[in-house]
Amino acid sequence: MAKFLSTGDQSRTFSSVAGCVDIVSGYRVGVLSRPVGPEENLLYLVIICEGFHRTGASSSSENGERATTLKYAWRSGTNFASIEVEWDRRDDLIKTGGISLPRANGNLIVIRRDPHGELHAHQFPSLPDGVSHADVLSAVQRQIPKDANIPELRF
């Protein structure tokens, strides 16, 4: 039985690079998988596709019985790049590119696709419910101030 029920996500794309901030909302669940408490922001994702100049972008999400799958894709001419993230809501794990992170260690996750197609994930302390996309980006910029790309991210 899943510990959480995902009700959707809201994404805001960057103007400076291929990527976005995505906020996944939902409920904790109790007996018989019924929602407990108010709807809240449960997961904050910062998705970055380094070295990719986008001319077209798409994203989608699927809420299965056990997992929420989020897919991000960019196209530039004949080049195509994508990132897929799965939140296993039963085991409360965030999975991408062979990396598995327990959401209990922090609900703020930065996922990067480097120019060679390798995925890298960094997890940070949890943000409270109700923060905005701009707040999420600011939190990441404070956590990684010396990174070459993070300070330059803009909506």
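Out of all the residues in region 136-155, which are at pLDDT below 80, of a type outside the set (Asp, Glu) and surrounded by 11 or more Cβ atoms within 10 Å (Cβ to Cβ)? Correct list: Asn149, Ile150, Pro151. Could you grab me the full set of residues in region 28-83 that are without any contact (Cβ under 8 Å) to a residue 40 or more places away in the chain, of a type in the set (Val, Ile, Thr) and either surrounded by 14 or more Cβ atoms within 10 Å (Cβ to Cβ) or not in a strand (DSSP E or B) (or both)? Once the filter is applied, which keeps residues that are without any contact (Cβ under 8 Å) to a residue 40 or more places away in the chain, of a type in the set (Val, Ile, Thr) and either surrounded by 14 or more Cβ atoms within 10 Å (Cβ to Cβ) or not in a strand (DSSP E or B) (or both), region 28-83 yields Val29, Val31, Thr55, Thr69, Thr78, Ile83. Within region 28-39, the set of residues being farther than 18 Å from Arg66 by Cα and in contact with a Lys or Arg (Cβ under 7 Å, 6 or more places away or on another chain) comprises Gly37 only.
Just one of the listed residues (Gly130, Gly97, Gly106) is within 19 Å of Arg28 (Cβ to Cβ), surrounded by 12 or more Cβ atoms within 10 Å (Cβ to Cβ) and at pLDDT 90 or above, namely Gly106. Scan region 1-27 for residues that are in a strand (DSSP E or B) and more than 17 Å from Thr69 (Cβ to Cβ) and report the count. Going through region 1-27 one residue at a time, the tally reaches 6.
The values are calculated or read from the model by the stated rules, or taken from the named source; none is laboratory data. Computed from a predicted structure; not experimentally measured. Methodologically, a virtual Cβ is constructed for each residue, glycine included, from the backbone with ideal geometry; neighbour enumeration extends over all protein chains shown.
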